[in-house]
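K.L.:
Here's a structure for you.
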Amino acid sequence: MDEGEGDLSDSGSRGVFLREATGLVREAGWLDILIFASLNISWGLSAWWYFLWGPYFAPGGNLHLGVLLTTVPMIFGALAWALLVTIAPRSGGDYVFVSRILHPLLGFLSSFGWIIANFVWVAVLPSYVADPAILTTFSLTGLEQAAEFAGSSIGILLIGILIITVSALVTILGLKAFRVFQAACFALGVLHFAAIWAVLLGASRESFIAAWNSFSASYGSADYDTIVREGLRYLSETYGADASYTWSVAKALPLMPVAAWGLLYPYLAAYIAGETRDVQKSMIIGIPGGLVLASASWWITGALLERVVGYDFLLAVAYVYGDGLGLYKLPFPPSYFAFAAIMAPLWLRWLIGIGFAAWILYYALYTVFPMSRIFLAWAFDRIAPSFLADMSERFHAPVKNVLVTTAFSYIMLTIYALNPEYLAGFTAMIPQISTTFLFTAISAIVVPYRGKTKLMYESSPVSKLKVAGVPLISICGAVYAGLLLVLLYFYFTNPGLGALHEPSLLTILAAYVAGTAYFYGVKLYRRRQGIDIDLAFRELPPE
Amino acid sequence: MRLFYASDVHGSEVCFRKFLNAAKVYKADVLVLGGDLTGKALVPIVRSGESYRAEVFGKPWLARSSDELEKVVATIRSNGFYTVVVEEDEYEKLRRDPALVDELFTKAMVETLRGWVKLAEERLRGSGVEVYIMPGNDDRWAVDEALEGSDVVVNPDNRVIELEGGLQLASLGASNPTPWKTPRELTEEELYSKLRRLVEEAGDPSVMVLNVHVPPYGTPIDLAPALDEGFRVVRKGGEVEMLHAGSRAVRRIIEEYQPLVGLHGHIHESKGVAKIGRTLCFNPGSDYSSGALKGVLLTLERGRVRSYVFTYG
């Protein structure tokens, strides 16, 4: 047989006779998946991180090359997620396929790692709405006192509580409110970049220097030339770094762990695979598509920053600010959008600031929403209490589930607001990379060969995708695993990245031990109730 | 007693084979397949000399020998579609004659079900496993004959059957009216009347397993997308509008009689469990086109659902 290899999904076509019958309707399409992927990467927030800390951790490393080095292998990673959920199109993400392909405990720990990391993110990320988003916007629009409040511990706490509460309400109000909120954030976020690109396109190096010097002077901060001169001198004398800006791959490699902070995250839509129509097409377009769009937005922003702001300034200001040389006295951290905004009229500064906040505002929502899918999958498999799967009659949403998630989010936010050092954001990547992502990569590698899921693989259209006889999904998994190992190497060997923060790592380790104990405890408890939860993970052989 | 329930396999060969193997893998004493057994599509494979061509949803398939044809048929069948091998002129005739297509559909359904019953007999005869296979609203009345006369498979539709351990299985495959006007639809009043007769016959609610294809109305297990006259999904503000599509009669019967457990299918999207009074109602959902069999495994005792777990095999 040849030519064929069709995905025999439920849709009409010539050549097939259909009859009227009841059936499943899935609602999310490829565009929803693309927006999910784009927002979970957060073009804006991760671009801020990349253009501030990228030069800091990789002096002289070409910013475009750094994006490429991360994006290309990550496209394979994005495809690994897309293909895995095509094989098992069920909501619940990595938990579903890792538990079936590798082992139920690994599936549980994979989603457990995701939850731990996201409870850190849900505390850390809304605080970025306070600082730098609101802090920068208010400072640039002359609202100094409000800016100062937004950057204080109490300001961060209150803004975080507000965001988490709104996110919980939106989730409870249902998918419609979720989509409106999501679309509004995405639209504002895209406008943010359009405004920045327009400002930078109309500016020159000279106009930026003039704007910078004028704005800095009002805060007694150093001028452009001083920052460049002193920053580069400090870099050379203190670190002995060769800061010449070249296309050297070796110099650009350390940009990868910084770029990965955003580009590693297009996978989120995998958690709603069970609610997606034409899963293969939607996921294969949507997940890598969101990644490529994010990379393109960084590429354009980077090119414009290099032309207008200059790489030397980006590098120098990162050190002047990062190492506290006393020359940078602005009330907000350096950012690509502040560089553009100081050249913009007042109304555009508001748009740029609000647009940046929009790239973070939905994040708490993105934590609550997939977590409800994980809890549902756990509850159906009898690992979590049944009430977590309860759907409210009134709201058609898992209200109890959302309330539990929200309560945890408040606790984590309070811990972060009172002691920001305790929950280091980069440390949150360690459990995600070493469990959620790595287990996913390994699942993708072995799924065509594992006896228990071989049949599911062979009966899916993914089995037809091969390169030189090797299953495409295995190739994607292998490249993805390689990328993750490279990133883990950077995170574990460069303490400056902040991933090796001891209290965070110990907390995470303790959480894993507790998670493993919980899994086996539940298994024992259910067995006493007469339930063998292993049955939920067992694939039935047809023969 | 351990009971495995699945529903809505819609002609999927692979799902049915998995259903039979659930007895061994899940150590189930009773297997119940709760309706909508038959497929929705018939794929004509056109013979041209020694080769065979088919087109499934815009994608061409070609088999150059009978061995290859067997593989193509197996792949198409695993998705729940029926196949028919025809010459070019026969295919053209089918395109012009819906009645002929209808006849072929019925023939394929009946033949497939006969094959399934035979397979169940081969695999489960002498195992002690009770096998109940019930047609649902989508299944034509003609398929009932294929489920008759077996010493292994029993069609429990519209009957009360005593299960192992003294439990009573009261079954009904018909549904309330759907937009598709499927073969086995009844008004809510008719449904109530039939169900009432069944539950009265079954007697003690604490041992009653109510196997009714359509789920009870107004629960988390009966939510389906709203459809317009052209069967298109209704969207409001970009959002799919969901509505309760279950049966009010089924809900009323459960509220009034409080059986031990309710087993339901019909709405593929609404996997879950709902509690109506003391009765736990299950809908494992369906994902038959992916070849995965969704089900629920229950351990039942007199007056008690000792445990349950949803499966995705």
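K.L.:
State all residues of the stretch B:17-55 that are within 14 Å of B:TYR132 (Cβ to Cβ) and in contact with a strand residue (DSSP E or B) (Cβ under 8 Å, 6 or more places away or on another chain); if no residue qualifies, say none.
P.N.:
Quick first cut of the stretch B:17-55, residues within 14 Å of B:TYR132 (Cβ to Cβ) only: B:19-20, B:22-23, B:28-35, B:37.
If the condition is that a residue be within 14 Å of B:TYR132 (Cβ to Cβ) and in contact with a strand residue (DSSP E or B) (Cβ under 8 Å, 6 or more places away or on another chain), then B:PHE19, B:LEU20, B:ALA22, B:ALA23, B:ALA28, B:ASP29, B:VAL30, B:LEU31, B:VAL32, B:LEU33, B:GLY34, B:LEU37 are the ones that fit.
K.L.:
For the stretch B:290-306, what are the residues that are basic (Lys, Arg) and surrounded by 24 or more Cβ atoms within 10 Å (Cβ to Cβ)?
P.N.:
Within the stretch B:290-306, the subset basic (Lys, Arg) is B:294, B:302, B:304, B:306.
The answer is B:LYS294, and nothing else.
K.L.:
Okay, next question. In the stretch A:148-188, how many residues are of a type in the set (Gly, Ala, Ser), assigned to a helix (DSSP H, G or I) and within 28 Å of A:ILE415 (Cβ to Cβ)?
P.N.:
7
K.L.:
For the stretch A:219-236: of the residues being under 34 Å from the mean Cα position of the chain (by Cα) and part of a helix (DSSP H, G or I), which is surrounded by the most Cβ atoms within 10 Å (Cβ to Cβ)? Please lay out each step first, then the result.
P.N.:
Going residue by residue through the stretch A:219-236, those that are under 34 Å from the mean Cα position of the chain (by Cα) are A:221, A:224, A:227-228, A:231-232, A:234-236.
From what is left, the residues that are part of a helix (DSSP H, G or I) are A:224, A:227-228, A:231-232, A:234-236.
Details: A:TYR224: 21, A:ILE227: 24, A:VAL228: 20, A:GLY231: 28, A:LEU232: 19, A:TYR234: 16, A:LEU235: 23, A:SER236: 13.
Only one residue fits best here, namely A:GLY231.
K.L.:
Within the stretch A:42-85, count every residue that is buried (at least 24 other Cβ atoms within 10 Å of the Cβ) and out of contact with any Phe, Trp or Tyr (no Cβ under 9 Å at 6 or more places or on another chain).
P.N.:
The number of residues fulfilling the criteria is 4.
K.L.:
A further question follows. Just wondering, is there one or more residues in the stretch A:174-191 that are away from chain B (no Cβ under 14 Å), surrounded by fewer than 14 Cβ atoms within 10 Å (Cβ to Cβ), under 30 Å from A:LEU484 (Cβ atoms) and out of contact with any Ser or Thr (no Cβ under 7 Å at 6 or more places or on another chain)? I'd like the intermediate steps shown before the answer.
P.N.:
Initially, the stretch A:174-191 is screened for residues away from chain B (no Cβ under 14 Å), giving A:185, A:188-191.
Narrowing further to those that are surrounded by fewer than 14 Cβ atoms within 10 Å (Cβ to Cβ): none.
No, the stretch A:174-191 has no match at all.
K.L.:
Right, another one. Scan A:LEU488, A:LEU505 and give me the residue that is at pLDDT 80 or above and either surrounded by 23 or more Cβ atoms within 10 Å (Cβ to Cβ) or assigned to a helix (DSSP H, G or I) (or both). Spell out how you get there, then give the answer.
P.N.:
Details: A:LEU505 fails: at pLDDT 80 or above.
It is A:LEU488.
K.L.:
So is B:LEU100 in contact with a helix residue (DSSP H, G or I) (Cβ under 7 Å, 6 or more places away or on another chain) and within 11 Å of chain A (Cβ to nearest Cβ) or not? Break it down into steps so the answer makes sense when it comes.
P.N.:
Details: in contact with a helix residue (DSSP H, G or I) (Cβ under 7 Å, 6 or more places away or on another chain): yes; within 11 Å of chain A (Cβ to nearest Cβ): yes.
When the stated conditions are applied, B:LEU100 passes them.
K.L.:
Looking for whichever is out of contact with any strand residue (DSSP E or B) (no Cβ under 6 Å at 6 or more places or on another chain) and more than 21 Å from B:VAL110 (Cβ to Cβ) here; the options are B:GLU189, B:GLU201, B:GLU130. Which one fits?
P.N.:
Values: B:GLU201 fails: out of contact with any strand residue (DSSP E or B) (no Cβ under 6 Å at 6 or more places or on another chain); B:GLU130 fails: out of contact with any strand residue (DSSP E or B) (no Cβ under 6 Å at 6 or more places or on another chain).
On inspection, the qualifying residue turns out to be B:GLU189.
K.L.:
Go through the stretch B:48-81 and count every residue that is surrounded by fewer than 19 Cβ atoms within 10 Å (Cβ to Cβ), among the acidic types (Asp, Glu) and either at the interface with chain A (Cβ under 7 Å from one of its Cβ atoms) or under 23 Å from B:GLU111 (Cβ atoms) (or both).
P.N.:
Residues that pass the stated criteria total 3.
K.L.:
Continuing with the same structure: Looking at (1) away from chain B (no Cβ under 14 Å); (2) modelled with pLDDT under 95, find the lone condition where A:MET74 falls short.
P.N.:
The one condition A:MET74 does not meet is (2).
K.L.:
Which residues, taken from the stretch B:243-263, are within 14 Å of chain A (Cβ to nearest Cβ) and either crowded, with 19+ Cβ neighbours inside 10 Å or among the aromatic types (Phe, Trp, Tyr) (or both)? Walk me through it before giving the result.
P.N.:
Going residue by residue through the stretch B:243-263, those that are within 14 Å of chain A (Cβ to nearest Cβ) are B:243-247, B:251.
Selection gives B:HIS244, B:ALA245, B:GLY246, B:SER247, B:ARG251.
K.L.:
Another question, then. Among the candidates A:VAL399, A:VAL446, A:VAL404, single out the residue that is within 30 Å of B:THR75 (Cα to Cα), surrounded by fewer than 23 Cβ atoms within 10 Å (Cβ to Cβ) and either modelled with pLDDT of 75 or more or away from every other protein chain (no Cβ under 14 Å) (or both). Steps first, please.
P.N.:
Working: A:VAL399 fails: within 30 Å of B:THR75 (Cα to Cα); A:VAL404 fails: within 30 Å of B:THR75 (Cα to Cα).
From the options A:VAL399, A:VAL446, A:VAL404, the qualifying one is A:VAL446.
The values are calculated or read from the model by the stated rules, or taken from the named source; none is laboratory data. Given the structure is predicted, the values throughout are model-derived calculations rather than measurements. All Cβ positions, even for glycine, are placed from backbone atoms using ideal geometry, and neighbour counts span all protein chains on display.
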